Amino acid sequence: MTDLTSLTASQIARGVGAGQFSVVDVATAFYDRCTYIEPALHSYLTRVPQDQVIRAAKAIDLARAQGRQLGPLAGVPVGLKDIFVTKDLATTCGSRMLEGWLPPYQGTHARRVTEAGGIVLGKLAMDEFAMGSSSENTPFTVVQNPWSKDHVAGGSSGGSAAAVSARTASVTLGSDTGGSIRQPASLCGVVGLKPTYGRVSRAGMIAFASSLDQAGPLGVCVEDVARTLQAIAGHDPADATSLTDPVPDYLAACQAPASGLRVGVDRAALERPGLQPEVRRAFEQALLVLRDCGMTVVDISRPHAHLGIACYYIICCAEAASNLARYDGLRYGPRHGEGDLQEVYRATRTAGFGPEVKRRILLGTHVLRADCYEEHYGRAMRVRTLIADDYTQAFATCDLIATPTSPVAGIARASTERDPLELYLSDMFTVGANLAGLPAISMPAGFGAGTPGLPIGLQLIAPRLAEPTLLAAAQAFENHTTWHTRRPPEPEVG
C-alpha cells in the first residue's frame with residue numbers, strides 16, 4: 001500500500017483528479033503523521049482540528065465526484081507560516097504580543113490556497129515577527145531540524161521548511177524578507193522559492209519590512225513549488241504593491257528547455273569569510289551539473305554585493321520600527337502597565353516583544369532619528385540602488401545568477417544567547433534578491449561531511465518576473481540530481 005505522505009504535492013493533485021485515492025485518505029495520513037512526529041519536531045504552533053480537516057477533504061472529494069473542475073492544489077495538505085492571517089484560527093506571528101489572537105478575516109494567502117483545493121493543516125512556527133535565521137527567536141518551542149536533533153531548522157520560516165522535510169505537510173507557505181524561505185529550505189533539504197516582489201500579495205501577511213517582504217512556497221521538488229505559486233500568484237486589489245502583470249503557466253515552465261541559458265557566478269563573493277569549505281565544494285559540483293544540463297557558466301561582477309548585509313539590516317530595522325509601532329496595547333496586543341500613556345507603552349512592549357525584536361526596533365528607531373537619518377538610512381537606500389544596478393548590469397551578460405544559499409551546512413542549537421551578528425551573516429547570499437526585488441530559488445545540492453550529513457542548498461536568482469526561466473533551470477538541475485529524493489531519518493519520539 002502506498003504511503004500517501006511520501007507523495008509529492010503534484011502526485012497527490014494528479015492522483016486526486018484521477019480518482020486514484022480520496023482526499024480524506026490523504027488528509028488523514030498527513031494528520032496522523034503530524035500527530036506522531038510533532039512532539040519531537042515542533043514545526044506547528046496551531047493545528048486545525050481534525051474534524052475540520054476531514055470536512056474540507058470531503059468537500060474536495062464531493063467536487064470531484066460531481067465532475068467539477070479541481071484547482072492546482074486539489075487535496076494537497078498545506079501548512080501556513082504563522083505570519084499569514086487566518087480567520088478564526090490563532091495567528092501569533094511567533095510572538096507573545098499576538099498570542100491568542102483570532103483574526104476576524106481570511107488573508108489572501110489562506111483564501112487562495114483553499115480556493116485552489118488545498119487542505120490547511122495548521123500554522124507553522126517561526127522567528128518572532130519573522131526576525132531571525134534560526135527559529136530560536138521565539139517565546140515558544142524551537143523547531144528541530146529533521147536531519148539532526150542538535151541543529152535548528154533555520155529561519156524565519158523554520159517551521160515551514162521542517163514540516164515539508166519531515167512530511168507533516170506536503171507544501172507550505174513561508175515569507176522571505178532577507179532569505180527566510182531560502183535559508184531554512186537549504187538547511188532542511190527542501191525547495192524554497194521567493195517570487196518577484198509584488199508577484200504574490202502581501203495582504204493578510206503581517207508586516208516586518210514592507211519593501212522587502214514577499215510570500216512564497218516550499219516543497220519537496222521544483223514542480224511542487226511551481227504548482228503552489230500558480231495558486232497564490234496574481235494581482236490583489238487589497239495590496240497596492242501587487243503587480244498586475246499576467247501570471248504565466250509555471251507548471252509548463254518546468255518543462256521548458258534550459259539548455260543554452262547563461263549562469264553567472266560572482267567569484268569574489270565566494271571568497272568572503274564565513275563560507276564553509278564543504279559548501280564551496282558542493283557549489284562547484286552544482287555548477288558542473290548546470291553545465292551538464294547544457295547551460296553555460298560565465299563570470300560576473302557585483303561590486304557592491306559585500307555591502308548587502310549592512311544595507312539590508314539598516315533598511316529592515318527601520319521598516320520594522322515603523323511597522324511594529326502599532327503593537328502598543330491600545331491598537332494591538334494585550335495591555336500592560338498602569339498610569340500614563342508612556343508607561344502603558346513601555347510595559348506592554350517590554351512584556352510582548354522578545355530580545356531580537358526589541359533590538360531591531362531600537363536599531364530602526366536610531367537610524368530614523370533626524371540627526372542620523374541621512375548618515376544611515378539615506379545612505380543605505382542609495383546603496384540599495386547600487387546593488388540593484390549591479391544585478392541589472394550582470395543580467396546583461398547572463399540569464400541567471402548562481403550562489404550557495406547558506407554559507408553553512410547547519411546551525412547548531414545555541415545553549416546560550418548567540419552573538420546576533422553570527423546569524424545576520426548567514427544571510428550574506430540571500431539579502432541581495434530582496435533588496436533588488438528579484439525572484440530566487442533554493443534547491444537541494446548536496447550534504448555536508450560528518451554524521452549527520454546536513455543538507456546544502458544551491459541558489460539561483462533571476463531577473464524581475466523571470467520565474468519561468470528560474471523554474472526551467474531549477475527543474476533541469478533537479479532532473480540531473482537525486483538530492484531532493486533523500487529523506488531525513490525518522491525523529492526520536494517519546
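Each reported figure results from applying straightforward, stated rules to the coordinates on display, with no laboratory input. Computed from a prediction, not measured in an experiment: that's the story for all the values here. Glycine gets a Cβ as well: all are built from the backbone with ideal geometry, and neighbour counts include every protein chain shown.
What the table below lists for this structure:
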{"quantity": "Neighbour-limited loop hits for trypsin sites (Lys or Arg not before Pro), the range 29-81 (at most 12 other Cβ within 10 Å; DSSP other than H, G, I, E, B)", "calculated": "Arg68"}
{"quantity": "For the chain, size of Cβ-based charge dipole, Lys and Arg +1, Asp and Glu -1, in debye", "calculated": "440"}
{"quantity": "Dipole of the chain, positive direction: furthest Cα of Val298, Val24, Gly453, with charges on the beta-carbon", "calculated": "Val24"}
{"quantity": "Two-decimal Rg to Rh for the range 190-287 - Kirkwood Rh, Cα set", "calculated": "1.04"}
{"quantity": "Backbone N within the range 111-136 under 19 Å of label point (7 Å from Arg413 Cα along the Cβ vector)", "calculated": "125-128, 133-136"}
{"quantity": "Sorted by Cβ density within 10 Å, fewest first, the residues Cys93, Cys372, Cys34", "calculated": "Cys372, Cys34, Cys93"}
{"quantity": "Gain in span if fully extended, Leu330 to Ser210, counting 0.36 nm per residue against the direct Cα distance", "calculated": "41.0 nm"}
{"quantity": "Length-normalised contact order for the chain - Cα pairs under 8 Å, 6+ apart - percent", "calculated": "18"}
{"quantity": "Long-range amide H partners of Tyr44 with built H, under 5 Å", "calculated": "Ala125"}
{"quantity": "FRET efficiency, 1/(1 + (r/R0)^6) with R0 41 Å, evaluated for Leu288 and Ser322 via beta carbons", "calculated": "0.35"}
{"quantity": "Under the Karplus curve 6.51 cos²θ - 1.76 cosθ + 1.60, θ = phi - 60°, whole-Hz ³J(HN,Hα) for the range 355-364, x wherever Gly or Pro sits", "calculated": "x, 5, 5, 4, 4, 6, 5, 5, 4, x"}
{"quantity": "Partners for Lys58 among lysines (Cα-Cα distance below 28 Å; same-chain residues under 8 apart left out)", "calculated": "Lys81, Lys87, Lys123"}
{"quantity": "Net charge, Tyr250 excluded, C-beta distance under 15 Å - Lys, Arg +1, Asp, Glu -1", "calculated": "-2"}
{"quantity": "Local electrostatic count at Ser201 - Lys and Arg +1, Asp and Glu -1, tallied over other residues with Cβ under 12 Å", "calculated": "+1"}
{"quantity": "The range 344-491: C-alpha gyration tensor shape, a/c 1.5 cut-off, then a/b vs b/c", "calculated": "oblate"}
{"quantity": "Rg/Rg_globular for the chain, with Rg_globular taken as 2.2 N^0.38 Å and Rg from C-alpha atoms", "calculated": "0.92"}
{"quantity": "Thr296 versus His235: modelled label distance in nm, points set 7 Å from Cα along the beta carbon direction", "calculated": "3.8"}
{"quantity": "Loop-located trypsin sites (Lys or Arg not before Pro) in the range 358-419 whose Cβ has at most 13 other Cβ within 10 Å (DSSP)", "calculated": "Arg369"}
{"quantity": "Karplus 3J(HN,Hα) series, Hz, for the range 303-312 with 6.51 cos²θ - 1.76 cosθ + 1.60 (x for Gly, Pro)", "calculated": "x, 9, 4, 5, 8, x, 4, 4, 4, 4"}
{"quantity": "Cα gyration tensor shape of the range 305-388, rounded if a/c is under 1.5, else prolate or oblate by comparing a/b with b/c", "calculated": "prolate"}
{"quantity": "Mean residue ellipticity (222 nm) of the chain, computed from DSSP H runs ≥ 4 via -39,500 (n - 2.57), nearest 500", "calculated": "-11000 deg cm²/dmol"}
{"quantity": "Charged-residue dipole, Cβ positions (Lys, Arg, Asp, Glu), the range 305-388 about Cα centre, Debye nearest 20", "calculated": "240"}
{"quantity": "Selection from Ala166, Ala203, Ile119 lying farthest towards where the dipole of the chain points positive, charges on Cβ", "calculated": "Ile119"}
{"quantity": "Within the chain, longest stretch clear of exposed GluC sites (Glu not before Pro) (DSSP loop, no more than 11 other Cβ within 10 Å)", "calculated": "1-337"}
{"quantity": "Three-way shape call for the range 279-350 based on the alpha-carbon gyration tensor, with the a/c threshold at 1.5", "calculated": "prolate"}
{"quantity": "Fewest-first ranking of Phe283, Phe129, using other Cβ atoms within 10 Å as the exposure measure", "calculated": "Phe283, Phe129"}
{"quantity": "Packing-based exposure ordering (other Cβ within 10 Å, fewest first) of Asp328, Asp389", "calculated": "Asp389, Asp328"}
